[in-house]
1. Got the relative contact order for region 1-126 handy, in percent, Cα pairs under 8 Å and 6 or more residues apart?
2. What do you get for the angle between helix 306-328 and the principal long axis of the chain? Use alpha-carbon atoms, 0 to 90 degrees, nearest ten.
3. For region 218-326, build the convex hull from the C-alpha positions and give me its volume per residue in Å³.
4. What does the charge add up to near Arg189, with Lys and Arg as +1, Asp and Glu as -1, over the other residues with Cβ less than 14 Å from its Cβ?
5. As a test, work out the antiparallel percent of DSSP beta bridges whose residues both lie in region 150-303, rounded to the nearest 5.
6. Report the extension gain between Gln65 and Ser272 in nm, rounded to one decimal, defined as 0.36 nm multiplied by the number of residues separating them, less their alpha carbon distance.
7. Could you give the angle, 0 to 90 degrees to the nearest 10, between helix 153-171's Cα long axis and the longest principal axis of the Cα atoms of the chain?
8. Just to confirm the number: angle between the C-alpha axis of helix 226-238 and the first principal axis of the chain, 0 to 90 degrees, nearest 10?
Amino acid sequence: MLQKVHDGKTRTVLVAGGAGFVGSHLCDALLLRGDRVICVDSFLTGSKINVQPLENHPRFRLIEQDVCHFSDIDEPVHQVYNLACAASPPSYQADPVHTMMTCVAGTGNLLALAESHNASFLQASTSEVYGDPEEHPQREDYRGNVSCTGPRACYDEGKRAAEALCFDMLRTGRTDARVVRIFNTYGPRMQPNDGRIISNLLVQALSGDPLTIYGNGEQTRSFCFVTDLVAGLMALMDVEPNPGAPVNIGNPGEFTINELAAMIQTMVAGGSGIVYRPLPKDDPQRRRPDIARARELLDWEPKVPLSQGLQQTADYFASVLIESEQRATPSRARPHPGPTDALQIGA
Ligand SMILES: NC(=O)c1ccc[n+]([C@@H]2O[C@H](COP(=O)([O-])OP(=O)(O)OC[C@H]3O[C@@H](n4cnc5c(N)ncnc54)[C@H](O)[C@@H]3O)[C@@H](O)[C@H]2O)c1
């Protein structure tokens with residue numbers, strides 16, 4: 001029961017949220033491995049640009065669909081990754097009811113699809129299920145400190161409910177469900193305006209604007225590069241037997257926001273100072289994963305150091321900003337600018 005044996009033929013993998021930041025990197029990696037990939041996305045926060053290079057790939061299929069209304073698909077599916085959900089506070093708070101429904105109804109629909117196809121299922125949960133944690137670092141058996149009525153509840157509690165659904169489906173023998181708790185992840189293809197700390201600070205620095213820090217900047221975060229995360233997701237989906245428990249995936253290196261800002265200021269010369277603003281409600285003070293379980297069960301650990309990943313992400317945002325500046329000023333058509341031009345945008 002629930003034991004999936006891959007028969008060596010092409011595996012078909014459905015990636016809900018596959019046009020998003022993480023999802024598009026996952027689609028790339030699955031295609032590279034030889035799988036057939038079906039990306040299901042409503043483009044709420046994701047972008048067609050992220051999957052444009054895959055459009056003509058013979059093993060890639062794109063379905064524009066909200067998972068809250070998704071029921072079945074007209075071909076066999078062997079694995080289902082559920083990454084569909086707005087992930088940054090401004091985007092998940094823009095329509096909090098839809099965020100909650102995506103987590104609960106959307107996950108329920110995809111679990112039912114996995115059940116009917118006898119497919120394995122991986123739910124992208126989050127370190128937000130630990131809320132503002134009172135234990136540090138966070139192990140998977142820590143139950144969290146979450147407000148169920150605050151402005152982050154649509155996401156935090158939605159993801160907790162989605163986890164409960166997954167483990168109910170697993171316990172009752174209906175779906176081979178796995179749950180990953182993802183800690184802050186960054187890299188190319190993040191939206192420049194999605195309100196997450198690394199994209200905020202890099203875009204501000206590249207634009208020559210002061211860096212905005214909420215609170216006193218002494219709160220900590222741990223940052224995982226996206227290729228490390230994707231390797232962890234695939235390892236958890238494929239490991240046998242099913243661990244039957246959530247697994248943290250993240251980078252345990254812990255940095256204060258002030259330290260992060262200083263690294264970015266050094267990396268992107270031309271920034272202009274720091275402004276401090278009040279901390280938003282329910283913002284966690286400390287975040288750092290305990291990844292002992294991932295190390296033991298998946299033989300996984302992150303490989304990309306923050307300095308290296310930040311540089312790649314800065315290069316990506318520089319090219320995005322240059323493109324958008326060129327689109328905004330078509331009459332001043334100019335040759336493709338060098339990296340130094342990126343530092344002058346918005347200055
Ligand atoms: N990036 C991180 O640091 C991080 C941390 C913890 C958890 N996660 C989780 O990982 C997943 C991917 O995050 P991301 O950073 O790539 O975010 P993202 O916003 O870039 O990607 C989410 C994707 O889901 C799609 N989507 C949202 N609601 C949908 C719906 N109802 N139906 C269909 N598609 C829908 C969006 O259009 C987008 O393409 C999310 O579930 C998120 O909660 C991410």
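1. On the way: 212 pairs, mean separation 34.7, N = 126.
Worked out over region 1-126, it gives 28 percent.
2. Roughly 70 degrees, rounded to the nearest 10.
3. 144
4. -3
5. Percent antiparallel among DSSP bridges in region 150-303 is about 25.
6. Values: separation 207, 0.36 × 207 = 74.52 nm, distance 4.23 nm.
Gain in length upon complete extension: 70.3 nm.
7. Between the helix axis and the principal axis of the chain, the angle is about 30 degrees.
8. For helix 226-238, the angle is close to 0 degrees.
The values are calculated or read from the model by the stated rules, or taken from the named source; none is laboratory data. None of these values were measured; they are calculated from a predicted model. Cβ sites come from the backbone with ideal geometry, for glycine too, and all protein chains shown count toward neighbours. Just so you know, the surface numbers come from the protein's heavy atoms only, side chains and all, with ligands and any DNA or RNA stripped out. Shrake-Rupley method; radii C 1.70, N 1.55, O 1.52, S 1.80 Å.
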